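Down below is the structure, laid out as C-alpha cells.
The values are calculated or read from the model by the stated rules, or taken from the named source; none is laboratory data. Just so you know, these numbers come straight off a predicted model, no measurement behind them. With ideal geometry, Cβ positions are generated from the backbone for all residues, glycine too; neighbour counts draw on all protein chains shown. Ligands, DNA and RNA are stripped out before the accessible areas are found, and what is left, the full protein with its side chains, is counted by its heavy atoms. Shrake-Rupley method; radii C 1.70, N 1.55, O 1.52, S 1.80 Å.
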Amino acid sequence: MGPLRRLQEEIEKRSLHGGGWATENGQRAGIETTCYALMALNDRQAPVCDRAINLLLRTQNPDGSWPAFEGDDPEGCWVTSLSLIALRFVHAPSLTTENSIQWLLDNKGREGHWLWKWKFRTVDRQVEFDPGKYGWSWFPGTVSWVIPTAFSLIALKQSHACCRTEQVADRIQVGMEMLRDRACPGGGWNAGNGIVFSAPLKPHIDTTAIALLALTEDDGKPTSRRALDWLRQACVECSSAYSLAWSSLALLVHRDSAADLCIERLHRALYSERSTLNIETLSLAAIGINAAEGNANPFQVLV
C-alpha cells in the first residue's frame, strides 16, 4: 500500500459517526477540518465521504454561509469560502452557490467601511497599509486577514470561471490588491500586515503558500516572485508536515521546480510523525501528494 492510501485510511478511521471530522479532540464536526478531509478522500468511493457531504449541506445557514462548527450559532464565518471550494471539488449533489457567493460579496474587512478608512488614514497609523484595499476577515465585523482573504478569492475565482459578473470581478480585484499591499517587504506574508510600527514582520510559511494559491495570475510580478523566492528557501529548513503540505500545493500551482523537493520533505515528515498528526495535516498532506501525482488540486484556479 502506497503512502497516499495509508494517509486516506487513517483519515477515514478518524471520521465521526454522524458525519465529518472533529477538530483536535472535539466531539462535534469542525467545518474546516471536514473540508480538508473530504478533499483528501475525493477519489475514494467511501461512505464517510457521503456523510461528510451531507454534514456540510445540512450545516449551511439560510443566507448561504457556514458556521465554524456543527451546532454553532447561525452566523457565517471564513469557512464559507472553504466549504464552497470543497463541495465544488467533490461535485456535491444539491449544491446551490448563489447565496454563498452573495454572502462573500457582501462581507469585507472592517477597514473597508468609510469610518474605519478615515481612522486608519488619520489617527491609527501604526499599522502601515492602504485601508482602501480590503479583503475578508475570520468573522464578520473584524479586519481583513491574509488567509480568509486568500480562500475567499479562490472561491470567487472558481465561481467566476463559470459565471462571470462585474460584481464578482470587481471584488476579486480589490481582494488581490489587499494581498499585494499587505505582503512583507522581503517576500511572503505574515498573518495580517507586512509592516507594523515601521518594522517589517517575518513571513509565515503556511500563510505565504495559501496567499500564493490565490495569486496565480501574478506569476512573474514582483510580489509573487519575492514570495516564491522566500518560500523555496524556507522549505529547505522546514520540518512541519502542515507547512510543507501547503507549500507543495502552492509550488505545484505555480509550476515551480521546488515542488519536488517539498514533496520529498513532506514524505519524510509523514514517515516519522503520521500516527500523531492531526486530521488537518494528514488531509493536506494527502491532497498535496495526490496533486503531485498529477491529479486535481482543489485550490487550482484556471486563468
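A few notes on this one:
- Accessible carbon and sulfur surface of the stretch 202-296 relative to its total accessible area, %, 1.4 Å: 47 percent
- The fraction of all Cα pairs in the stretch 1-88 landing in successive 5 Å bins from 0 to the largest distance is 3, 15, 29, 25, 16, 8, 3, 1, 0, given as whole percents.
- Percent of Cα-Cα distances greater than 36 Å, calculated over the chain: 14 percent
- For the pair Glu24 and Asp50, label points projected 7 Å from Cα toward Cβ lie 3.4 nm apart.
- Probe 1.4 Å, accessible area per residue of the chain, Å²: 45 Å²
- Protein accessible area in the stretch 1-107, 1.4 Å probe - carbon and sulfur %: 46 percent
- Per the Debye calculation on the stretch 222-292 with a single equal scatterer at every Cα and no solvent contribution, log₁₀ I(q)/I(0) for q = 0.20 Å⁻¹ amounts to -0.73.
- In Å², nearest 10: area of Arg226 left accessible to a 1.4 Å probe: 100 Å²
- Put a dot 7 Å past the Cα of Gln173, heading toward its Cβ, do the same for Gln102, and the two dots end up 2.4 nm apart.
- Alpha-carbon centroids, the stretch 22-54 and the stretch 1-15: separation in whole Å: 13 Å
- Long-range HN-HN contacts of Ile195 with modeled amide H, under 5 Å: Glu128, Leu201
- Placing a label point 7 Å from the Cα of Gln233 along the Cα-to-Cβ direction, the residues of the stretch 168-196 with a backbone N closer than 16 Å are 184-190.
- Surface calculation, 1.4 Å probe, protein heavy atoms: Glu264 sits at approximately 90 Å² accessible.
- For the stretch 17-31, putting each phi into the Karplus relation 6.51 cos²θ - 1.76 cosθ + 1.60 with θ = phi - 60° gives couplings of 4, x, x, x, 9, 7, 8, 6, 9, x, 9, 10, 5, x, 5 Hz, in residue order, rounded to whole numbers and with x for Gly and Pro.
- Within the same chain, aspartates and glutamates fewer than 8 places from Lys13 are excluded, and of the rest, those with a Cα less than 20 Å from its Cα are Glu24, Glu32, Asp43, Asp50, Glu70, Glu273, Glu280.
- For the stretch 178-186, 3J(HN,Hα) computed residue by residue from phi via the Karplus equation (6.51, -1.76, 1.60; θ = phi - 60°) reads 4, 4, 4, 5, 9, 5, 5, x, x Hz, glycine and proline entered as x.
- Computed from the alpha carbon atoms alone, the convex hull of the stretch 158-303 holds 121 Å³ per residue.
- Calculated mean residue ellipticity, 222 nm, the chain: -16500 deg cm²/dmol, from DSSP H runs (n ≥ 4) at -39500 (n - 2.57) each, averaged per residue and rounded to 500.
- Computed label-point distance, nm, for sites Arg58 and Arg225 using a 7 Å Cα→Cβ extension: 5.3 nm
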